[in-house]
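The values are calculated or read from the model by the stated rules, or taken from the named source; none is laboratory data. Bear in mind the structure is a predicted one, so any value in this text is a computation, not a measurement. Cβ sites come from the backbone with ideal geometry, for glycine too, and all protein chains shown count toward neighbours. In case anyone asks, the SASA skips ligands and DNA or RNA and just uses the protein heavy atoms, side chains included. Shrake-Rupley method; radii C 1.70, N 1.55, O 1.52, S 1.80 Å.
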Amino acid sequence: MLTIAYIGNGKSTNRYHIPFASKNKHIRIKTIFSRSNNSDWEKLDNVSYVNNINDVWDDSEIQLVVVSTSSESHYELALEALNHNKNVLVEKPFTETAAQARELFDLAKAKGLFIQCYQNRRFDSDFLTVQKVINSGVLGDIFEVEMHFDYYRPETPENAHHFSRINSFLYGHGCHTVDQVLSYFGNPTKVDYDVRQLLGNNRMNDYFDLDFYYEGNLKVSVKSSFFRLKERPSFVVYGKNGVFVKQTKDRQEEHLKLFYMPTNADFGIDLPEHYGVLTYTDEDGGYHEEKVVSEIGDYSSIYEGIYQTIIHGKEKIVKDEETIRQIEILEEGISHLE
């Protein structure tokens, strides 16, 4: 059994963590800490809700502390947890700087503790489906991949009147897509950055377009904006023999926002109208166009991996060097605005 405590009792903890940790019969949620202790979220049975952080640090039963608070607090709380000899799972972005990330990993290693970033979007349905298509080889050599993470939320940048690195769009959403790139395609040979403040200088970063270059003439582009009334396809994969277009995103977040939980058998599962379209020519020149049944996304896979690592010594799902490289890329990208 893995006994855990959450630091933070807001949307992140209750929407993106607890429903997936709760799926694992080997995980016990014992404590949830919040300074105010007045969350609007419904309290769980058999869970202790506390507003004194020492109730977490001094509890020897708690093996893993999950830091699920505002981005600017991640580093300090993770450091405090390690110094109290707790294993730690940290929401993304993991830290503000790569130096902070290295410090946390080095400290955890010295103490024989586990620390990892919560990169749940490695288990997005659309991303898993793209991997399936590429791995099938039907597209041949892959030349270009476009990844889009779009919103139409103009009120978000309009209501932010000062620039903040850790609360930028690049840090807040690039932490999803940059990790996906690194986890599947590996470390690029070069990165080009187009990071903007569409509403003007010293305003919120609300747009980014990053190009990752790899050997073999592969380019992977990550594009995101708060000003996309009509979203671009989630993924477009161009190969020597054809193209795969996945128009819609993974549906787990969509269902969570509707309070349709992972306990439902069809949670997060694509319907046929969400399937991507694969178009290619075969070795005889024949033309093919077909829908590809989407892979099933499951954010609980992260918690299963953490359980296996802490309790059974298995390799981490999210490698330390991947997290450090991700933060280096976010740092470099946002530095163009500073």
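Computed quantities for the displayed model
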item: Spatially proximal lysines relative to Lys223 (Cα-Cα < 25 Å; intrachain offsets below 8 disregarded); result: Lys92, Lys132, Lys190, Lys240, Lys246, Lys249, Lys257, Lys291, Lys319
item: Stretchable slack from Asn167 to Ser136, in nm (0.36 nm times residue separation minus alpha-carbon distance); result: 7.3 nm
item: C-alpha long axis of helix 98-111 to longest principal axis of the chain, angle in °; result: 50 degrees
item: Percent accessible area from carbon and sulfur atoms, the range 1-92, protein chains only, probe 1.4 Å; result: 39 percent
item: Highest-MSF residue in the chain out of Asp45, Asp270, Asp209 [GNM, Cα springs under 10 Å]; result: Asp45
item: Accessible-area composition of the range 120-219, carbon plus sulfur, in percent [1.4 Å probe]; result: 43 percent
item: Net +/- balance of residues flanking Glu304 in space, Cβ distance below 15 Å, scoring K and R +1, D and E -1; result: +4
item: Residue-count net charge about Val67 - beta-carbon cut-off 13 Å; Lys, Arg +1, Asp, Glu -1; result: -2
item: Total formal charge among the other residues, if their Cβ is under 13 angstrom from that of Gln252, Lys/Arg +1 and Asp/Glu -1; result: -2
item: Stretch gain in nm, segment Tyr287-Arg15, where the contour uses 0.36 nm per residue and the Cα spacing is subtracted; result: 93.5 nm
item: Cα-projected label distance for Tyr151 with Trp41, points at 7 Å along beta-carbon direction, nm; result: 1.8 nm
item: As computed over the chain, the Cα convex hull volume per residue (Å³); result: 148 Å³
item: Cα gyration tensor category, rounded, prolate or oblate, for the range 198-298 with a/c compared to 1.5; result: oblate
item: Residue-averaged 222 nm ellipticity for the chain, from DSSP H runs of 4+ at -39500 (n - 2.57), nearest 500; result: -8500 deg cm²/dmol
item: With Cα atoms, 0 to 90° folded angle of helix 74-83 axis to the chain main axis; result: 50 degrees
